[in-house]
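Questions regarding the structure given below will be posed in turn.
Quick note: the coordinates plus some simple rules give every number you see, no bench work behind them. Here the structure is a predicted model, which means the values were calculated and not measured. Cβ atoms come from the backbone with ideal geometry, glycine included; neighbour counts cover every protein chain shown.
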Amino acid sequence: MKMKKCLFLIPTTYNDGRPVPPEVILDVWEVLFVRFGSLSQDGITEGLWEMKDGTRVKDHSLKFWIVIEEEKVPLLKELIKKIARLLEQEAIYFETMDCDMELIGPE
């Protein structure tokens, strides 16, 4: 089965600078977990974004990644679109890469 590692950034503030409430971030975690069964959050990353109107915004985002079957990538993209609407974002960074993943337990 072909697997894809999907990396995406979930902003911690709205584009106008208001912080996203912690309960909204927890809801995002929950929705992703329930839908895909696992995910990892890899700290906070900073970046600069130029809005469509030319305004530059410094953002702080939670860096998430998840490994899923290739055929589930469109479902994840649809969910990311909904999260973008919820967080009032023009766009959310999303990338995929081929992945050979296995879970290794004790003997």
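Multiply the residue separation of His60 and Asn15 by 0.36 nm, subtract the distance between their alpha-carbon atoms, and state the gained length in nm to one decimal.
Value of the extension gain: 15.1 nm.
How high is the FRET efficiency between Glu78 and Glu107 when r is their beta carbon distance and R₀ equals 30 Å, given to the nearest 0.05?
FRET efficiency, Glu78 to Glu107: 0.15.
For the peptides 95-107, 44-56, 21-33, 3-15, what is the packing order when you average, over each peptide's residues, the other Cβ atoms within 10 Å and list the highest mean first?
Most protected by this proxy first, the peptides run 3-15, 21-33, 44-56, 95-107.
Right, next: Quick check: the angle from helix 22-36's long axis to the longest principal axis of the chain, C-alpha only, nearest 10 degrees?
It is inclined by approximately 30 degrees.
What percentage of all Cα-Cα pairs in segment 3-99 are separated by more than 15 Å?
Summing the P(r) tail past 15 Å for segment 3-99 gives 61 percent.
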